[in-house]
1. Run residue 81 past the list (1) part of a strand (DSSP E or B); (2) touching a Leu at 6+ places or on another chain (Cβ under 6 Å) and report the number of the one that doesn't hold.
2. Filter the stretch 63-92 for residues that are exposed (fewer than 15 other Cβ atoms within 10 Å of the Cβ), more than 11 Å from the chain's Cα centre (by Cα) and modelled with pLDDT under 90 and give the result.
3. Mind listing just one residue for me: the one in the stretch 20-58 that is part of a loop (DSSP other than H, G, I, E, B) and free of Cβ contacts under 8 Å to residues at least 40 places away in the same chain and, of those, nearest to residue 89 (Cα to Cα)?
4. What single numbered condition from (1) surrounded by 16 or more Cβ atoms within 10 Å (Cβ to Cβ); (2) modelled with pLDDT of 95 or more; (3) out of contact with any helix residue (DSSP H, G or I) (no Cβ under 6 Å at 6 or more places or on another chain); (4) of a type outside the set (Asp, Glu) fails to hold for residue 39?
5. Across the stretch 22-36, which residue is farthest from residue 84 (Cα to Cα) among those that are at pLDDT below 95 and touching a helix residue (DSSP H, G or I) at 6+ places or on another chain (Cβ under 7 Å)?
Amino acid sequence: MTNFNDMLEKAKEMQKKMKEAQNEIKNIQVEGVSGGNLVKVVLSGDYELKSILISEEAKKENQEIINDLIIAAFNNAKENLKKKSSEEISKITGGINLPFDIKFPS
């Protein structure tokens, strides 16, 4: 039974580390850009949009293009957040590929 108890303890420790990592991820911020830096957005680790910066050059474009640039910048930030989150989780799990938003039972 020792092996089972060891496995259970390791699982509990991994769960604790994952919760800590998820909390840390919420505090990170990433930037997304589009149009050669015409639009920049900042996204928090829990996908909250923190800011949108539209350059003066971009403001000269029509609304549809500005909308597309904002969407592209947001999607770029989202991809950057996924990468950053995966890096953080990888540090905790020792390279085991787990999704950063995995839910553990309480």
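1. Status for residue 81: all satisfied but (1).
2. 91
3. Step one: filter the stretch 20-58 for residues part of a loop (DSSP other than H, G, I, E, B), giving 28, 35-38, 45-48, 55.
Going one step further and asking which of them are free of Cβ contacts under 8 Å to residues at least 40 places away in the same chain, we end up with 35-38, 46-48, 55.
Details: 35: 31, 36: 30, 37: 29, 38: 32, 46: 14, 47: 17, 48: 20, 55: 34 Å.
Result: 46.
4. (3)
5. 24
Here is a yes/no grid of residues against (1) within 13 Å of residue 74 (Cβ to Cβ); (2) of a type in the set (Gly, Ala, Ser):
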| position | (1), (2) |
| --- | --- |
| 5 | no, no |
| 9 | no, no |
| 13 | no, no |
| 20 | no, no |
| 23 | no, no |
| 35 | yes, yes |
| 45 | no, yes |
| 51 | yes, yes |
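The values are calculated or read from the model by the stated rules, or taken from the named source; none is laboratory data. Note that the structure is a prediction, hence the values are computed from the model and not measured. Glycine gets a Cβ as well: all are built from the backbone with ideal geometry, and neighbour counts include every protein chain shown.
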